[in-house]
């Protein structure tokens, strides 16, 4: 019985894989600005404060209670519009209980969800 079930599950997985189109597009060119502990839900515009480019290999969060805003305008490529999309954010590839950065993700100025090392995906409307 298990052999039949294993084969059937494998067939279903093979059929479903036809409908998965994984595309990974790196999103570089983020802007960042230091800030204090966040209060309220007002997202600063690029015209407010001292924004600067955040380098691709740059690191942050090594000091306790370090807070930053990050900003990036993302254009969805035409061929991906209307599809199920996710934004994947990784702060580290090393899991360390003592260092678990947390994020709040805003989309079009609205709070969408919180993120951390265990919650790295945000669904987007294509």
Of (1) closer than 24 Å to residue 87 by Cα; (2) free of Cβ contacts under 8 Å to residues at least 24 places away in the same chain; (3) surrounded by 10 or more Cβ atoms within 10 Å (Cβ to Cβ), residue 19 fails just (3)
For the range 28-52, what are the residues that are touching a strand residue (DSSP E or B) at 6+ places or on another chain (Cβ under 8 Å), loosely packed, with under 10 Cβ neighbours inside 10 Å and at pLDDT below 90?
-> 36, 37
Out of 25, 20, sole residue that is at pLDDT 85 or above and more than 17 Å from residue 107 (Cα to Cα) | 25
Please determine, by comparing only the residues of the range 48-57 that are assigned to a loop (DSSP other than H, G, I, E, B) and within 18 Å of residue 74 (Cβ to Cβ), which one is farthest from the chain's Cα centre (by Cα).
-> 51
Considering only the range 66-98, how many residues are modelled with pLDDT under 80 and either exposed (fewer than 10 other Cβ atoms within 10 Å of the Cβ) or in contact with a strand residue (DSSP E or B) (Cβ under 9 Å, 6 or more places away or on another chain) (or both)?
-> 8
All positions within the range 29-47 that are part of a loop (DSSP other than H, G, I, E, B), under 21 Å from residue 112 (Cβ atoms) and without any contact (Cβ under 8 Å) to a residue 40 or more places away in the chain | 37, 39, 40, 42, 44, 45, 46
Take residue 108 and decide whether it is surrounded by fewer than 10 Cβ atoms within 10 Å (Cβ to Cβ), modelled with pLDDT of 85 or more and either more than 24 Å from residue 20 (Cβ to Cβ) or touching a helix residue (DSSP H, G or I) at 6+ places or on another chain (Cβ under 8 Å) (or both).
-> yes
Cβ-Cβ below 6 Å, separation at least six or inter-chain, first residue in the range 96-120 and at positive phi, second modelled with pLDDT under 85: which pairs?
-> 109/43
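The values are calculated or read from the model by the stated rules, or taken from the named source; none is laboratory data. Predicted, not measured: the structure shown is a model, and the values here were computed from it. Note: ideal-geometry Cβ built from the backbone for every residue, glycine included; neighbour counts use all protein chains shown.
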